[in-house]
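Colleague: Before anything else, here's the structure in question.
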Amino acid sequence: EKQGFRHFMLKEIYEQSSVVRMVLETYISNDWTAASTTSPINLSLPAEFYTDLEQVQIVACGTSWHASLVGKYLLEQLAQIPTQVHYASEFRYAPPPLMPNTLIVGVTQSGETADTLSAIAMDKQRRAEKTPQFRPRLLGITNRMQSSLARLVDYTIDIQAGIEIGVAATKTFIAQLVAFYCLALDLAYRRQTLSATQLEQIIGQLWQLPAQIESILEQQERQIEELAHEFTETQDFIFIGRGINYPIALEGALKLKEISYIHAEGYPAGEMKHGPIALLDAKVPVVAIAMPGSVYEKVLSNVQEAKARDSRLIGVAPMHDEHAKEIFDDTLPVPVVDEILSPILSVIPLQLLAYHIAARRGLDVDQPRNLAKSVTVE
Ligand code: M6R
């Protein structure tokens with residue numbers, strides 16, 4: 001069943017290009033142009049889903065929470081809709097004040113995470129007897145259409161990633177991201193927050209992503225496997241990113257700690273100087289996501305601060321970028337894409353890095369200690 005791969009996790013990392021293609025094929029029309037008169041996105045959601053929508057609140061855990069942070073960025077920047085992301089385990093016991101015309105989104109690949117289910121159930125209950133403006137409007141983004149979450153919510157987006165066996169989520173994360181692109185673009189179209197030309201450009205680039213994921217996997221796996229050999233003694237890693245790639249820094253760190261048991265933390269790059277920089281020395285490598293766009297120069301200047309502390313610098317950076325090559329000790333090159341789409345590519349080298357460091361240490365990558373695939377207790 002591993003189809004020649006050493007672990008399910010590696011197989012699932014490789015499945016990501018076809019997963020992205022599948023989600024795009026389901027929800028986005030591939031011949032849409034700025035001249036078209038219908039929506040480019042079809043999520044099969046009824047009119048009342050959109051009526052008077054004022055804000056979005058998302059609840060999730062772990063990797064799904066990271067996907068939700070990217071989702072917030074997309075919903076706010078593309079569709080101009082105020083969005084909050086909550087840890088499901090926190091939401092339930094300190095719920096935000098009840099607001100009208102709010103979409104609540106539960107993001108869980110398994111659809112069985114107890115914290116997420118309880119948060120959604122609590123919100124549903126507290127809205128039940130209220131006036132129409134406050135009525136529950138619950139969306140589930142899940143990989144399991146037969147799950148408890150799917151039964152609890154009013155609307156669903158099926159992320160269609162296929163069964164994921166590795167405890168560390170990879171292909172379901174990518175599929176959640178694509179689902180958020182679809183939701184944000186759908187709302188952007190309806191709210192007219194993007195021009196037809198902007199939409200056409202983003203959609204055109206989305207369709208390029210599967211081939212770009214394949215090229216990263218083809219070109220980098222060997223290099224990353226070799227790089228992984230150099231961290232056999234490393235005890236701490238720092239991951240930094242900004243803007244839409246800040247959640248990817250968090251995800252890179254979570255992947256590494258889950259399967260390699262190395263202490264790893266992700267930070268928004270600009271926060272390093274406010275404390276975490278005290279941790280840095282030659283023994284603590286820093287992995288920075290430096291993708292072209294609004295924060296590119298800022299990330300590189302944050303990286304210089306780490307260089308001055310002798311940290312080994314690993315950069316997820318644009319292909320053929322001489323400036324990045326000079327700054328980083330090692331670069332993990334990814335194709336240049338619009339910043340807004342970059343998380344789908346920048347996460348791939350980080351998944352491979354975590355995988356190869358753990359595999360090199362001889363660990364049980366698919367079933368790491370202390371972890372379960374779905375956490376069904378609160
Ligand atoms: O099934 P869910 O998406 O609700 O799971 C949430 C987390 O438990 C999960 O993402 C966890 O963090 C993974 N092990 C991440 O790799």
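The values are calculated or read from the model by the stated rules, or taken from the named source; none is laboratory data. On a predicted model such as this, the values are computed, not experimentally measured, just so you know. All Cβ positions, even for glycine, are placed from backbone atoms using ideal geometry, and neighbour counts span all protein chains on display. Accessible surface areas use protein heavy atoms only, side chains included; no ligands, DNA or RNA. Shrake-Rupley method; radii C 1.70, N 1.55, O 1.52, S 1.80 Å.
Colleague: What whole-number value in Å² describes the accessible area per residue of region 212-280 for a 1.4 Å probe?
Modeller: Value returned for region 212-280: 41 Å² of accessible area per residue.
Colleague: Got a sec? What order do W32, W207 fall in by accessible area at 1.4 Å, biggest, i.e. largest, first?
Modeller: W207, W32
Colleague: Between Y267 and residues 5 or more places away or on another chain, which pairs have amide H atoms under 5 Å apart, with H built 1.01 Å from N, and which residues are they?
Modeller: Under 5 Å from the amide H of Y267 lie the amide H atoms of F239, I240, G241, each far enough along the sequence or on another chain.
Colleague: I need to check one value: relative contact order of the chain, counting alpha carbon pairs closer than 8 Å and at least 6 residues apart, in percent.
Modeller: Across the chain, relative contact order equals 19 percent.
Colleague: While we're looking at this one, here's another question. Kyte-Doolittle mean at least 1.0 and Cα extent at least 24 Å along the axis: which DSSP H helices of the chain qualify?
Modeller: What comes out of the filter, once short or polar helices are dropped, is 343-360.
Colleague: Show me the GluC sites (Glu not before Pro) within region 30-124 that DSSP assigns to loop and that have at most 12 other Cβ atoms within 10 Å of their Cβ.
Modeller: Filter output for region 30-124: E54.
Colleague: Classify region 136-230 from the C-alpha gyration tensor, please: rounded if a/c falls under 1.5, else prolate or oblate depending on whether a/b exceeds b/c.
Modeller: oblate
Colleague: Computing the accessible area with a 1.4 Å probe over protein heavy atoms, can you report the carbon and sulfur percentage for region 221-281?
Modeller: 46 percent
Colleague: Using a probe radius of 1.4 Å on heavy atoms only, what accessible surface per residue do you get for region 1-50? Whole Å² is fine.
Modeller: Dividing the accessible area of region 1-50 by its residue count gives 52 Å².
Colleague: State the antiparallel share, in %, of DSSP beta bridges confined to the chain, rounding to the nearest 5.
Modeller: Of all bridge pairs located within the chain, approximately 5 percent are antiparallel.
Colleague: Could you tell me the relative contact order of region 1-132? Use alpha-carbon pairs under 8 Å, at least six residues apart, and round to a whole percent.
Modeller: Worked out over region 1-132, it gives 22 percent.
Colleague: Okay, next question. Per residue, how much accessible surface does region 72-152 expose to a 1.4 Å probe? Answer in Å², no decimals.
Modeller: 44 Å²
Colleague: For the chain, state the average projected area of the convex hull of the C-alpha atoms over all orientations, rounded to one decimal in nm².
Modeller: Averaged projected area of the chain's Cα convex hull equals 18.3 nm².
Colleague: Calculate for the chain the 222 nm mean residue ellipticity that helices alone would give, adding -39,500 (n - 2.57) per DSSP H run of length 4 or more and normalising by residue count, nearest 500 deg cm²/dmol.
Modeller: Estimated from H runs of four or more residues: -13500 deg cm²/dmol.
Colleague: Keeping all protein chains in the complex and leaving out DNA, RNA and ligands, what accessible area do you get for M319 with a 1.4 Å probe, in Å² to the nearest 10?
Modeller: Looks like 50 Å² after rounding.
Colleague: Still on this structure, I have one more. For region 258-298, state the semi-axes of the equivalent ellipsoid (square roots of 5 times the eigenvalues of the alpha-carbon gyration tensor), sorted largest first and rounded to whole angstrom.
Modeller: 21, 14, 9
Colleague: Follow-up. Quick one: of K171/K255; K72/K255; K72/K257; K2/K171; K257/K373; K171/K325, which pairs are farther than 23 Å apart, Cα to Cα?
Modeller: Cα-Cα > 23 Å for K72/K257; K171/K325; rest within.
Colleague: Leaving out ligands, DNA and RNA, and with a 1.4 Å probe, what % of the accessible surface on region 66-134 is carbon or sulfur?
Modeller: Solvent-exposed carbon and sulfur of region 66-134 make up 53 percent of the total.
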